[in-house]
Each structure stands twice: as C-alpha cells, then as structure tokens.
1. When the Kirkwood hydrodynamic radius is evaluated over all pairs of different C-alpha atoms of region 74-115, what value in angstrom, to one decimal, is obtained?
2. Can you list the residues of region 14-39 with backbone N under 15 Å from a point 7 Å past the Cα of Val101, pointing along Cα to Cβ?
3. Taking the Cα centre of region 7-115 as origin, work out the dipole magnitude from +1 charges on Lys and Arg Cβ and -1 charges on Asp and Glu Cβ, in debye rounded to 20.
4. Which of the peptides 90-96, 29-35, 60-66 is most tightly packed, and how do the rest follow, going by the mean number of other Cβ atoms within 10 Å of each residue?
5. Between Ser7 and Ser114, what length comes free when the chain is fully extended (0.36 nm per residue of separation minus the Cα-Cα distance, one decimal in nm)?
6. Express in nm, to one decimal, how much length is gained between Arg53 and Lys75 on full extension, taking 0.36 nm for each residue of separation and deducting their alpha carbon distance.
7. Hey, got a sec? Which trypsin sites (Lys or Arg not before Pro) in region 25-60 land in a DSSP loop and have at most 12 other Cβ atoms within 10 Å?
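Please treat every number below as a calculation from the coordinates, not as lab data. As the structure is a prediction and not an experimental result, all values here were calculated from the model. All Cβ positions, even for glycine, are placed from backbone atoms using ideal geometry, and neighbour counts span all protein chains on display.
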Amino acid sequence: QVQVVESGGGLVQPGGSLTLSCAASGRIFSTSILGWYRQAPGKQRELVATINRGANTNYADSVKGRFTISRDNAKNTVYLQMNSLKPEDTAVYYCNINWGVGTAWGQGTQVTVSS
C-alpha cells in the first residue's frame, strides 16, 4: 500500500513564501503523475499543479508564475514552492500520486495566509 505524507504547511503573511513537501512509499513513485490539490472551507477540492514522469508541469491559472512544482525521484518526494502568497491561497493542501491503475492521497497540510 502506498503511503503519502505531506509537510511544510503553516501560517504566513501575504506576500510570503512556503515550501510543501510530500514523501511517498513504493517503487511506483518515479513513474507516477504527482499532483498538489487544495480545498478551501466551503469549496470543492481543486487542482493546483501536476508534474509527470518526464517533469512536464501543469498549473492552475490562479497560481501560474507564483508556484513551482518539482520532484526528486531519488527521495520519493514532490515539492510545491509557493511564492507571493495571497489570502485566497488559504486552504488544506493535498498531495496525490497517480500511477495509472491506482491513486493515493495524503492527509493534507494546512496553509493559512493572513496578516
């Protein structure tokens, strides 16, 4: 069973930065599509960014130019560097691993952007 654990959330002021990390078990990591999603209170979960096995990335329009997703297959870890954070980025951020025949989610990490 694939286990996924996020870390790095917290409270940050508007304009600040945070880096989220997601570590996963299993040999499927290097061939999987990795993604970050978020869910704000009262809203549906939405895609933030994805990165495939070829390191091709995709971002939601709301985070383009501010967030960067990256992966380190040697460490089975995917990162989300978040810059120029805004109050509307406040949400629980979830990591997802999709290896085609299955998918796994982490428990989520809270990011709060507030002065």
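1. Its Kirkwood hydrodynamic radius stands at 12.3 Å.
2. Answer for region 14-39: 27-29, 31-32.
3. 180 debye
4. Working: 90-96: 21.3, 29-35: 19.6, 60-66: 12.9.
Ranked from most to least packed, the peptides come out as 90-96, 29-35, 60-66.
5. Details: separation 107, 0.36 × 107 = 38.52 nm, distance 1.92 nm.
Additional length available on full extension: 36.6 nm.
6. Between Arg53 and Lys75, full extension yields an extra 6.5 nm.
7. Values: sites: Arg27, Arg38, Lys43, Arg45, Arg53; in loops: Arg27, Lys43, Arg45, Arg53.
Sparse-neighbourhood loop trypsin sites (Lys or Arg not before Pro): Arg27, Lys43.
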